[in-house]
Amino acid sequence: MHTLTLKDFRSYDRQIISFNGRLNLITGANGSGKTNILEALSFFAPGKGLRSASLASVGRQGGDHEGDTWQLQLCFSGPTGPLDFITRLEAGKRVVYCNEVRLKSQLALSQWVSMNWLTPSLHHAWHQKSYRRTYFDRLVFTFFPSYGMLLQEYSKLLQERILLCEKPNHPWHQTVEALMAEKAVHIFAYRQQSLSLLEEKLKTLGGLFPCPSLDMVGDFEIIMGQEQAKHVLQERWAQQRMQDFAGRRTNMGPHITSFVVSHPNGWELPYCSTGEQKSLLLSLTMAWAQASKSIHESEFHFLLLDDVMAHLDGPHRRQLYDLLESLKTFVWITVPEPLEDFSPNHHFVVEKKGGVSEVRSLY
Ligand SMILES: Nc1ncnc2c1ncn2[C@@H]1O[C@H](COP(=O)(O)OP(=O)(O)OP(=O)(O)O)[C@@H](O)[C@H]1O
Ligand SMILES: [Mg+2]
């Protein structure tokens, strides 16, 4: 049995949830605390979790609780012994422990756990370029863990470039831009490789789930298609210095990329119907699950599906159940009511009693 323990997290006081099967269903009334469980699991990936919430807001509020003593624990029992992860706030920062050893960075979690999620807010926020890029970058990171560090290094260089704006002719500019170009080329390569991985799996989905086309669009991508791209990038940044420094922002690069998903009928995702948008994002999510498993076989893979069944018609739902059953991934699904024709390994029912959520395991 594996266990997830929530302590003073969101609407939970202290809750232990045991599971060993792959398919886990959580049902309960609106506001009972279903999504809070998925959010807890999402904290075993680097970052701010599936709600992108502030660290202070996830701790239990109310009574004498001030929201700073929360702790989450995910314990796996494996053939090579237990793996025990703990995450909590320490001195205002989220820290992670693995078997009682504090990890240097949250990024290290990707050695053991690969995590992705789909939430209702995803397709609402999809029209924002930055949101799509963050979403896509997260997928790339799950495939290639060193991508996380690469992105951090590139952002640091972006900041340095703008900090130097008071001295536009300083020789250091050229050095920073050369380093930026080097990182940018790697970022592009990782992204391209990830798109190929996803496209390969998307083609195999078949059935009712559409095979979207995936694209990266922007001035940076146009330059990357040219010969001597690294050199062209550097030249362009050098030419744009005065303009960029006036606006205190670098206006071209992989941090501006627009990630575009289009339906096979040619329409970009925001123009598709609600059900079509859901299906497209589910196709992408299923392709991620298969690709992620194929490149990191030994990791613990998690797919968190928050309220994704709404807007799916019967045939799509049934095909989704078949696809989920075929994945070798821990899938956690929340829905208000139990699902017909779906046989999970575990069914958890959440109820709120006196303002505190409680989980009951039906099987
Ligand atoms: N920091 C917090 N402390 C205490 N309670 C919180 C905190 N943050 C959120 N909550 C409570 O958690 C509940 C929401 O939980 P959650 O979003 O998991 O519900 P849900 O079961 O997914 O509902 P729905 O079906 O509407 O999606 C709300 O009642 C909210 O007030
Ligand atoms: Mg919810």
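Label region 125-295 by shape, choosing from rounded, prolate and oblate, from the square roots a ≥ b ≥ c of the eigenvalues of the Cα gyration tensor; if a/c is under 1.5 it is rounded, and otherwise prolate applies when a/b is larger than b/c, oblate when it is not.
prolate
If you place +1 on the Cβ of every Lys and Arg and -1 on the Cβ of every Asp and Glu, how big does the dipole about the Cα centre of the chain come out, in debye to the nearest 20?
With only Lys, Arg, Asp and Glu charged at Cβ, the dipole is about 540 debye.
If I build a Gaussian network model for the chain, linking alpha-carbon pairs within less than 10 angstrom, which residue out of C211, C165, C75 has the largest mean-square fluctuation?
The residue that fluctuates most here is C165.
If you line up the long axis of helix 129-143 against the longest principal axis of the chain, both from Cα atoms, how many degrees apart are they, to the nearest 10?
Helix 129-143 sits roughly 70 degrees off the main axis of the chain.
In whole percent, what relative contact order does the chain give with Cα contacts below 8 Å and a gap of six or more residues?
25 percent
Which is the longest stretch in the chain that no exposed loop site breaks, taking sites as GluC sites (Glu not before Pro) with a DSSP loop state and at most 13 other Cβ atoms within 10 Å?
101-226
Can you give me the accessible area per residue for region 146-224, using a 1.4 Å probe, in Å²?
In whole numbers, region 146-224 has 51 Å² accessible per residue.
Give me the percent of accessible area attributable to carbon and sulfur for region 220-363, probe 1.4 angstrom.
So the carbon and sulfur contribution to the accessible surface is 47 percent.
Per-residue ellipticity at 222 nm for the chain, helices alone: DSSP H runs ≥ 4 residues times -39500 (n - 2.57), over residue total, nearest 500 deg cm²/dmol?
That comes out to -13000 deg cm²/dmol.
The values are calculated or read from the model by the stated rules, or taken from the named source; none is laboratory data. No experiment lies behind these values; they were computed from the predicted model shown. All Cβ positions, glycine included, derive from the backbone under ideal geometry; neighbour counts span all protein chains shown. Ligands, DNA and RNA are excluded from the accessible area calculation, which covers all protein heavy atoms including side chains. Shrake-Rupley method; radii C 1.70, N 1.55, O 1.52, S 1.80 Å.
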